[in-house]
């Protein structure tokens, strides 16, 4: 039995965030929970609050209200312990361009206390999976966006964290790497761990996710399995794309 089995790996309790100068909340009393073994897809239109939510979870932004708990650690009160439980990849990784790929990975491994033998095995396997072995000695500034995305994913996976937080992780991945990465996410959850990721690729979310949360204008408007979401829709066999469009359709468009 996993040590995480009896508690959530991620819990947001009535979390809100407002940016200075904006009358509306970017995130508005958002509550959700991700349990061990779950792949949780976080969906919403552009500007709905997805990236703001993710930045609060990983400690890049402080919530104005509410609590965020990562594997039992409060992100605000115990940020270092919370961050050690997370592997995070933003939508556009900002890496150290003057380091080589292997220097970057060793830096990440040092930060997370990954032993020499463990890092060697994991780096070798991940680089092979993402087809980066040939480029790992090159400066990161020579990498394409897709290569940087793969390197960032490799770094996030190195310490085998209980919780992956991924913002649009499929962007820049070729079909082979994308398939292997989806298999890896499922394997990760098989260990009793969890994945929380945002995506605009609704077909991927529908096939891959155990639960889906849909955010619109800062509010969580639907959350559950595909079967649970279909109960909110007009048709019993609707796709996630149909459900998403129904729930996020602008009111003025709905009235025409």
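FYI, it's all coordinate maths here, none of it is from the lab. Owing to the predicted nature of the structure, the values given are computational and were not obtained by experimental measurement. Every residue, glycine as well, gets a Cβ built from its backbone with ideal geometry; the counts of neighbours run over all protein chains shown.
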Response to the item:
The residues 143, 92, sorted from fewest to most surrounding Cβ atoms within 10 Å, come out as 92, 143
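Using the beta-carbon distance between residue 219 and residue 78 and R0 = 35 Å, what value does 1/(1 + (r/R0)^6) give for FRET efficiency, to the nearest 0.05?
Working: r = 28 Å, r/R0 = 0.79.
The pair residue 219/residue 78 has a calculated efficiency of 0.80.
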Fill in: Using alpha-carbon coordinates, inclination of helix 116-129 to the longest axis of the chain, degrees
60
Worksheet item: Could you work out the helix-only [θ] at 222 nm for the chain, with each DSSP H run of four or more residues adding -39,500 (n - 2.57) and the total divided by the number of residues, to the nearest 500 deg cm²/dmol?
Response: -10500 deg cm²/dmol
Worksheet item: So what is the diffusion coefficient of region 93-160 in µm² per second by Stokes-Einstein at 20 °C and 1.002 mPa s, using a Kirkwood Rh over Cα pairs?
Response: 185
Response to the item:
Rounded to the nearest 10 degrees, the helix 175-190 long axis (Cα) sits at an angle to the longest Cα principal axis of the chain of 80
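What shape does region 26-74 take by its C-alpha gyration tensor, where a ≥ b ≥ c are the square roots of the eigenvalues and a/c under 1.5 counts as rounded, a/b above b/c as prolate, and the rest as oblate? The partial results should precede the final answer.
Values: a/c = 1.87, a/b = 1.14, b/c = 1.65.
Verdict is oblate for region 26-74.
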Worksheet, complete the sentence: A correct Stokes-Einstein calculation for the chain, using the alpha-carbon Kirkwood radius, 4 °C and 1.567 mPa s, returns a whole-number D in µm² s⁻¹ of 68
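Per 0.36 nm of contour for each residue apart, how much would the distance between residue 232 and residue 98 grow if the chain were fully extended, relative to their Cα-Cα spacing? Could the numbers behind the result be given before it?
Numbers: separation 134, 0.36 × 134 = 48.24 nm, distance 5.02 nm.
Value of the extension gain: 43.2 nm.
Between residue 128 and residue 111, 0.36 nm times their residue separation minus their Cα-Cα distance comes to what?
Numbers: separation 17, 0.36 × 17 = 6.12 nm, distance 2.26 nm.
Contour length minus Cα-Cα distance gives 3.9 nm.
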Discussion item. For the pair residue 20/residue 67, report the inter-label distance in nm, with labels modelled 7 Å from Cα in the Cβ direction.
Written reply: 2.9
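Of 81, 177, how do they rank once you tally other Cβ atoms within 10 Å and put the fewest first?
On the way: 81 14, 177 19.
Taking fewest neighbouring Cβ atoms as first place, the list is 81, 177.
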Item to complete: Give the angle, between 0 and 90 degrees and rounded to the nearest 10, that separates the Cα long axis of helix 145-157 from the longest principal axis of the Cα atoms of the chain.
Response: 80
Practice prompt. Between the alpha-carbon centers of region 117-183 and region 71-115, tell me the distance in whole angstrom.
Written response: 14
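For the pair residue 186 and residue 241, what calculated FRET efficiency results from E = 1/(1 + (r/R0)^6), where r is the Cβ-Cβ distance and R0 = 25 Å, to the nearest 0.05? The partial results should precede the final answer.
Numbers: r = 22 Å, r/R0 = 0.87.
So the FRET efficiency works out to roughly 0.70.
Evaluate the relative contact order of the chain (contact order divided by residue number), counting alpha-carbon pairs under 8 angstrom at least 6 apart; express in whole percent. Kindly include the intermediate steps, with their values, before the conclusion.
Numbers: 454 pairs, mean separation 66.0, N = 256.
So the answer I get is 26 percent.
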